[in-house]
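K.L.:
Quick one: structure below, then a few questions.
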Amino acid sequence: MSGKTLYDKLWDQHLVHDDPNGTSLIYIDRHLVHEVTSPQAFEGLHIAGRKPWRTDSMLAVPDHNVPTTVDSADIDDPVSRLQIQTLDQNCNHFGVMQFGMSDPRQGIVHVIGPEQGLTLPGMTIVCGDSHTSTHGAFGALAFGIGTSEVEHVMATQCLISRKSKNMRVRVEGELKPGVTAKDVVLAIIGEIGTAGGTGYAIEFSGPVIESLSMEGRMTVCNMTIEAGARAGMIRPDQKTIDYLEGRPYTPKGEMWERAVASWRELESDADAVFDAEIVIDGGEIRPQVTWGTSPEMVVSLGESVPDPDAEPDPIKQEGMRRALDYMGLEPGTPIDSVSLDLIFIGSCTNSRIEDLREAAEIARGRKVSGTVKQALVVPGSGLVKRQAESEGLHRIFIDAGFEWRNPGCSMCLAMNADRLKPQERCASTSNRNFEGRQGQGGRTHLVSPAMAAAAAIAGHFADPASL
Amino acid sequence: MEKFTVLEGIAAPLDRANVDTDAIIPKQFLKSIKRTGFGPNLFDEWRYLDHGEPGMDNSTRPINPDFVLNQKRYAGARILLARDNFGCGSSREHAPWALSDYGFRCIIAPSFADIFFNNCFKNGLLPIVLPGEMVDDLFDRVEKTPGFSLRVDLLEQRIVSVADGSVIPFEIDAFRKEALIQGLDDIGMTLAKADRIREYEERRQHEAPWLFSQA
Ligand code: SF4
């Protein structure tokens, strides 16, 4: 018999029961909750007279609707406010720990889990949010679920699930200067497509992945769902352990030693067989910019917007035409000549301390171009914000002409007041460039924090390494 | 959950690949704390010419005449014909809620995104995967024949063209089929296994006690 993959091991450790009908009952260790996908689940519990199975597995935090302007004490939009109040009430009623809006630890749910040590290797982690894949960076099995499943996990601590197939994406070689984790994952999505990972759990490995910091690994796993896979993961190593040690909710003392010993065994066996295997040469990856309305519509800096006429598949061709029309771009336009109206540095993909350092490095001593209307920096959590301020990063941004905001999802999906107007063009460090994602008619280009900062300074896409 | 056995209705073609859940139901409508009422805002940005916000009177909004669901011939459609990777993106269950609230009970496509596919079954919505050529053929027939209707028979696992009686068989996982037919409550079924869950917890607490301390 061949060995097991990391995913196989995580699955087996959490298997409660294999049903003859082909489904499995999987135990969930950590359940993260936010205000948008939980109200109907809590309501379901109420109606059925059920209680959460284990409230100590849960952490709730409002993030999608929260305002990020520094002077806004409350939310203007009554509908948003009601959603946040509903989360408050539900957490109080059911006894769920919540980092509320005024808590200094509040922030984007996927930034907070790891930051607090609530995300640990070997866990199963779910959240009513597709970017839960982020937590796989720690060697956890983490994936997004719908609201019915949120209710199911609350009520039973389990999910009815089916095992996915195994895919390994190896990134070989060494990255060139100025190329970041975001470029790596965009290049992977460009290669396998937005449905390339459907039905798979992806393990990322290889020297490039190992060389990434925990923040960089989270960026890669975060966007696994953009390649169609619900879960992405990276085996835990010394970096993982060092990142976690001493965080508020990590195990302590002898328990820590035991936990670490078990984490060291979490890796794919040498003879494990993957259903699909992709190998990418990291040395070939250049800074990436998306040109269309799907994350797979991506080119390297130095390339041009592609021509639909060159695409043989008629459905893809039509999709490209529609995307170009929506994005207001002509085929053949060099991507670095495209100028920007707004810059957004934030989201659960790229709002951690290292992302901010990366952007600040480019912004230091420079000025945002006069042609850019607004440049936002939105830290992923209150603690990231505090850390950045203690390093003086906020000064660099403010002096360069960026706005320094409070934590939240912000312009990643524009549920709060931060949004694009029709036809405004934005270089964004977020994860989705779908039509209307950042505001109706808004045009999103996904890039790394370094590229976003470089675009802010130059007014158009530019190689961060050349500034 | 509403049971699903046999469904007969008009099929409407949505001819684009990678339709994401942001397009199915834009984020401003996710602020609702209810499960219902999303139908009028299904595909909001494609369906209307203005910008939609929760609380608007949708009946007075300017309609986009080019959008397929606004064409008279597809009024009252219950089956949606779609392309590859339908429902990609966000995990929002508001997407299947909006589709069923609008009146759809079945979506036929060559492939679906995983989370969306899963969410459909929790809401009595049947997603059917058919090979690409069959879907192409259905698109052809729907566009050529006004009022083109299908009968989706879940019990027999087949789709029948109402006009000519031609039959397309489809595959579905046995457990999901049963749950749809019976309108089963997942939580109730899992709680029936509460003893097994407790046994698992007890064993796991010995192996990995740190997983059971706070939050
Ligand atoms: S930052 Fe964006 S992608 Fe991440 S959880 Fe918030 S809305 Fe979702």
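The values are calculated or read from the model by the stated rules, or taken from the named source; none is laboratory data. These figures come from a predicted structure and were not determined experimentally. For neighbour counting, all protein chains shown are included, and Cβ atoms are generated from backbone atoms with ideal geometry for every residue, glycine included. For accessibility, only protein heavy atoms count, side chains too; no ligands or nucleic acids. Shrake-Rupley method; radii C 1.70, N 1.55, O 1.52, S 1.80 Å.
K.L.:
Among A:Pro114, A:Val169, A:Gly190, whose Cα projects farthest towards the positive end of the dipole of region A:114-199, with charges put on the beta-carbon of Lys, Arg (+1) and Asp, Glu (-1)?
P.N.:
Toward the positive end, the furthest listed residue is A:Val169.
K.L.:
When only C-alpha pairs under 8 Å and at least 6 residues apart count, what is the relative contact order of region B:54-163, in percent?
P.N.:
Relative contact order for region B:54-163 comes out at 21 percent.
K.L.:
Roughly how large, in nm² to one decimal, is the mean projection of the convex hull of the alpha-carbon atoms in the protein assembly as shown?
P.N.:
About 28.1 nm², averaged over all directions.
K.L.:
Separate question: Taking Cα atoms of region A:250-303, Rg/Rh with Kirkwood Rh, to two decimals?
P.N.:
Across region A:250-303, the Cα-based Rg/Rh ratio is 1.26.
K.L.:
Apply the Kirkwood formula to region B:71-215: the hydrodynamic radius equals the inverse of the mean of 1/r over all pairs of different alpha-carbon atoms; give it in Å with one decimal.
P.N.:
Kirkwood radius, region B:71-215: 17.7 Å.
K.L.:
Sticking with this structure for a sec: Given +1 on the Cβ of Lys and Arg, -1 on the Cβ of Asp and Glu, and no further charges, what dipole in debye does region A:383-441 carry about its Cα centre, rounded to the nearest 20?
P.N.:
Taking the Cα centre of region A:383-441 as origin, the dipole is about 160 debye.
K.L.:
Among all the lysines, which ones have a C-alpha under 22 Å from B:Lys31's C-alpha, if same-chain residues fewer than 8 places away are not counted?
P.N.:
Once the sequence-local lysines are set aside, what remains near B:Lys31 is A:Lys421, B:Lys122.
K.L.:
Moving on. Please give the Cα centre distance for region A:361-431 versus region B:158-174, rounded to the nearest Å.
P.N.:
Taking the Cα centre of each part, region A:361-431 and region B:158-174 sit 53 Å apart.
K.L.:
Could you work out, residue by residue across A:44-52, how many beta carbons of other chains sit within 10 Å of that residue's beta carbon, and then give the average as an integer?
P.N.:
For this peptide, the per-residue mean of nearby foreign Cβ atoms is 1.
K.L.:
With axes computed from alpha carbons, what is the tilt in degrees of helix B:194-207 against the longest principal axis of chain B, rounded to the nearest 10 within 0 to 90?
P.N.:
With both axes taken from Cα atoms, the answer is about 60 degrees.
K.L.:
With a/c under 1.5 counting as rounded, go ahead and sort region A:327-467 into rounded, prolate or oblate using the C-alpha gyration tensor (a ≥ b ≥ c being the square roots of the eigenvalues; past the cut-off, prolate if a/b is larger than b/c, else oblate).
P.N.:
Oblate, since a/c reaches 1.5 and b/c is not below a/b.
K.L.:
Continuing with this model, one more query. Whole-Å semi-axes of region A:1-139's equivalent ellipsoid, largest first, each the root of 5 times a Cα gyration tensor eigenvalue?
P.N.:
One finds semi-axes of 31, 19, 12 Å for region A:1-139.
K.L.:
Same structure again: Starting from the 7 Å offset along Cα-to-Cβ, what nm value, one decimal, do you get for the label separation of A:Asp19 and A:Gln85?
P.N.:
Label-label distance for A:Asp19 and A:Gln85, simple model: 3.9 nm.
K.L.:
What does the charge dipole of region B:78-163 about its Cα centre add up to, to the nearest 20 debye, if the Cβ of each Lys and Arg holds +1 and the Cβ of each Asp and Glu holds -1?
P.N.:
Using Cβ point charges on Lys, Arg, Asp and Glu, region B:78-163 gives about 280 debye.
K.L.:
Still on this structure: Between rounded, prolate and oblate, where does region B:32-141 land on the alpha carbon gyration tensor, with a ≥ b ≥ c its root eigenvalues, rounded for a/c under 1.5, else prolate if a/b exceeds b/c?
P.N.:
oblate
K.L.:
Could you please tell me the mean projected area of the C-alpha convex hull for region B:1-87, averaged over all directions and given in square nanometres to one decimal?
P.N.:
6.7 nm²
K.L.:
Just the number, please: percent antiparallel of the DSSP beta bridges in chain A, rounded to the nearest 5.
P.N.:
25 percent
K.L.:
Once you keep just the Cα pairs under 8 angstrom separated by 6 or more residues, what percentage relative contact order results for region B:1-117?
P.N.:
37 percent
K.L.:
For region A:188-303, which whole-number percentage of the solvent-accessible area (1.4 Å probe, protein heavy atoms only) is attributable to carbon and sulfur atoms?
P.N.:
46 percent
K.L.:
Here's another thing I want to ask about it. Quantify how strongly other chains surround peptide B:116-125 by giving the mean number of their Cβ atoms within 10 Å of each of its Cβ atoms.
P.N.:
Average neighbour count from other chains, rounded to a whole number: 3.
K.L.:
Give the value in nm², to one decimal: projected area of the alpha carbon convex hull of region B:81-120, averaged over all directions.
P.N.:
Quarter of the Cα hull surface area: 2.5 nm².
K.L.:
Ok, one more. Which residues does a label at B:Arg196 reach in region A:11-39, if reach means a backbone N under 19 Å from a point 7 Å past the Cα toward the Cβ?
P.N.:
It comes to A:11-29, nothing else.
K.L.:
For each pair in A:Lys176/A:Lys385; A:Lys239/B:Lys34; B:Lys27/B:Lys72, compute the distance between the two Cα atoms and list the pairs where it is over 31 Å.
P.N.:
A:Lys239/B:Lys34
K.L.:
Same structure again: Let a ≥ b ≥ c be the square roots of the eigenvalues of the Cα gyration tensor of region A:382-447; is it rounded (a/c under 1.5), or, if not, prolate (a/b larger than b/c) or oblate?
P.N.:
prolate
K.L.:
Would you mind listing how long region A:86-191 runs along its three principal axes, going by Cα atoms, in whole Å with the largest first?
P.N.:
The Cα atoms of region A:86-191 stretch 52, 37, 23 Å along their principal axes.
K.L.:
Continuing with this model, one more query. Using only helices, what value at 222 nm comes out for chain B when you add -39,500 (n - 2.57) per DSSP H run of length 4 or more and divide by the total residues, to the nearest 500 deg cm²/dmol?
P.N.:
-8500 deg cm²/dmol
K.L.:
Over region A:217-338, what number does the Rg to Rh ratio reach, with both radii from the alpha-carbon atoms and Rh per Kirkwood?
P.N.:
Ratio value, two decimals: 1.14.
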